[in-house]
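I have a structure here, written as structure tokens, and I will follow up with some questions on it.
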Amino acid sequence: MFRPLSLLIINISKHNVASQIKYSTAILPRLSSEKYNIKRKSFGTINESDINHFRSILSENRVITDESDVLPYNIDWIKNCRGQSKVVLKPKTTDEVSEVLSYCNSKKLAVCPQGGNTGLVGGSVPVFDEIVLNFSLMNKVISLDDISGALVCEAGCVLENLDNYVRQHNLIMPLDLGAKGSCHIGGNVSTNAGGLRLLRYGNLHGSILGLEAVKADGTVIDCLRTLKKDNTGYHLKHLFIGSEGTLGVVTKVAVHCPAVSKAVSLGYFGVNTFEDVLQLYRNAKISLGEILSAFEMADNRAICSTVKNLKLTNPLEDYPFYVLIETSGCDEEHDSEKLNRFLSKEMESGHIIDGTVTSEPAKMRVMATFT
Ligand SMILES: Cc1cc2nc3c(=O)[nH]c(=O)nc-3n(C[C@H](O)[C@H](O)[C@H](O)COP(=O)(O)OP(=O)(O)OC[C@H]3O[C@@H](n4cnc5c(N)ncnc54)[C@H](O)[C@@H]3O)c2cc1C
């Protein structure tokens with residue numbers, strides 16, 4: 001039976017994670033260096049004159065050294081890793097990033113670039129005393145061409161803010177993930193983030209039109225092009241997509257934003273076997289065609305753990321597998337007719353046992369937190 005969903009709306013992370021959390025020593029994660037038995041390499045050690053130099057580049061309040069203020073930047077989102085950085089730097093411009101990196105390079109000081117610190121694999125926090133280079137103040141939109149859909153912005157823009165901004169121009173960001181309220185577009189590019197819209201718009205190698213980056217020695221690389229059909233020469237941008245700061249830091253990004261879909265529906269279904277999940281995916285591609293925009297699967301353990309840890313209520317009973325299907329198109333009547341026909345067929349054939357469908361944005365946000 002399909003029914004409308006009524007659930008508590010949980011907002012996963014609306015604001016910058018690091019600035020919100022206060023830690024008590026009792027709940028501190030173990031130091032990553034001890035946990036993973038890693039030896040520090042022969043990098044320089046930061047001293048007072050380095051701090052003063054950073055203050056001369058960035059000004060006093062953008063060089064954070066107070067231990068309790070630095071702590072949240074040392075701990076990752078799932079509180080699995082903890083670094084021992086003594087300083088967080090918050091540049092506002094590419095020139096400042098370049099000056100900082102060039103200085104660190106000359107002094108052999110290690111640096112850890114950090115976006116919204118929502119990464120789940122520990123890459124966003126230091127292991128030892130690396131300097132945290134945080135991009136949260138590089139958060140300006142530079143331009144938007146609402147005809148081509150080319151958005152140019154700084155690396156520290158929060159994904160959800162960008163999505164809200166481009167929606168005013170009937171566009172959307174080509175990616176969407178549970179961490180959108182905190183993660184940065186620069187972090188998304190650096191991790192080659194996938195997310196809910198990947199099925200429709202592909203990965204970031206297709207959506208990123210260009211970028212600007214700064215190498216470890218301070219050299220600025222300008223590949224900030226905005227032309228979608230650009231087939232000239234080599235495309236250096238691809239090396240930076242997914243490189244997690246290993247080749248340099250991303251400071252500006254040009255993204256292709258697709259047009260907003262007028263009719264969006266989201267369904268969440270209980271499924272008995274993995275074979276049924278595969279069959280459902282195959283049938284969804286055939287029957288829903290161009291309106292299928294997301295298909296995600298989670299097993300019972302994953303959903304139970306999400307429900308428990310995020311204190312949610314599962315709208316469905318216990319099933320071995322759960323599937324989330326999103327459709328988006330431009331004709332509500334046509335799209336819902338197509339979706340209903342598909343769902344009736346799949347329930348009849350037993351690929352779907354139970355489910356719930358909604359077109360209300362607030363309810364869709366809740367459903368999306370499950371997968
Ligand atoms: C609830 C939740 C849901 C998520 N869902 C998804 C998902 O669906 N798909 C997915 O792929 N990921 C997902 N993630 C993981 C994470 O959100 C993404 O990897 C995101 O892209 C990280 O962005 P960030 O700004 O938080 O980067 P951070 O976590 O700060 O950093 C991630 C890595 O990128 C590097 N980095 C950050 N900024 C820069 C920069 N400007 N230049 C160079 N290197 C930089 C860091 O050094 C680090 O190695 C999810 C995380 C959470 C908490």
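For residue 246, which of the numbered conditions (1) of a type in the set (Val, Ile, Thr); (2) closer than 18 Å to residue 193 by Cβ; (3) surrounded by 14 or more Cβ atoms within 10 Å (Cβ to Cβ) fails to hold?
(3)
Do we find a residue being of a type outside the set (Val, Ile, Thr), part of a loop (DSSP other than H, G, I, E, B), within 13 Å of the ligand (Cβ to nearest atom) and buried (at least 24 other Cβ atoms within 10 Å of the Cβ) anywhere in the stretch 92-112?
No; the residues of the stretch 92-112 include none that is of a type outside the set (Val, Ile, Thr), part of a loop (DSSP other than H, G, I, E, B), within 13 Å of the ligand (Cβ to nearest atom) and buried (at least 24 other Cβ atoms within 10 Å of the Cβ).
Report, by residue number, each residue of the stretch 69-94 that is in contact (Cβ under 8 Å) with a residue 24 or more places away in the chain, within 24 Å of residue 139 (Cβ to Cβ) and not β-branched (Val, Ile, Thr).
Result: 71, 72, 73, 74, 76, 77, 83, 85, 89, 90, 91, 92.
Of the residues 79, 41, which single one is more than 16 Å from the ligand (Cβ to nearest atom), open to solvent by 60 Å² or more (accessible area, probe 1.4 Å) and not assigned by TED's automatic domain parsing to the domain that holds residue 193?
41
The rows are residues; the columns are (1) assigned to a helix (DSSP H, G or I); (2) over 20 Å from residue 367 (Cα atoms); (3) in contact with a strand residue (DSSP E or B) (Cβ under 9 Å, 6 or more places away or on another chain).
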{"position": "306", "(1), (2), (3)": "yes, no, yes"}
{"position": "313", "(1), (2), (3)": "no, no, no"}
{"position": "319", "(1), (2), (3)": "no, no, yes"}
{"position": "334", "(1), (2), (3)": "yes, yes, yes"}
{"position": "339", "(1), (2), (3)": "yes, no, yes"}
{"position": "352", "(1), (2), (3)": "no, no, yes"}
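Right, here's the next one. Given 218, 206, which one is closer than 24 Å to residue 248 by Cα, in the same structural domain as residue 237 (by TED's automatic domain parsing), more than 13 Å from the ligand (Cβ to nearest atom) and in contact with a Phe, Trp or Tyr (Cβ under 9 Å, 6 or more places away or on another chain)? Outline the logic, then answer.
Working: 206 fails: in contact with a Phe, Trp or Tyr (Cβ under 9 Å, 6 or more places away or on another chain).
Testing whether each residue is closer than 24 Å to residue 248 by Cα, in the same structural domain as residue 237 (by TED's automatic domain parsing), more than 13 Å from the ligand (Cβ to nearest atom) and in contact with a Phe, Trp or Tyr (Cβ under 9 Å, 6 or more places away or on another chain) leaves just 218.
Given 273, 232, 226, which one is within 17 Å of residue 155 (Cβ to Cβ) and away from the ligand (no atom under 11 Å from the Cβ)?
226
Looking only at the stretch 284-296, decide whether some residue is over 15 Å from residue 199 (Cα atoms), surrounded by fewer than 21 Cβ atoms within 10 Å (Cβ to Cβ) and at pLDDT 95 or above.
yes
The values are calculated or read from the model by the stated rules, or taken from the named source; none is laboratory data. Since we're looking at a predicted model, the values are computed, not measured. Neighbour counts run over all protein chains shown; Cβ positions are idealised from the backbone, glycine included. Protein only, heavy atoms only, side chains kept; ligands, DNA and RNA dropped before computing areas. Shrake-Rupley method; radii C 1.70, N 1.55, O 1.52, S 1.80 Å.
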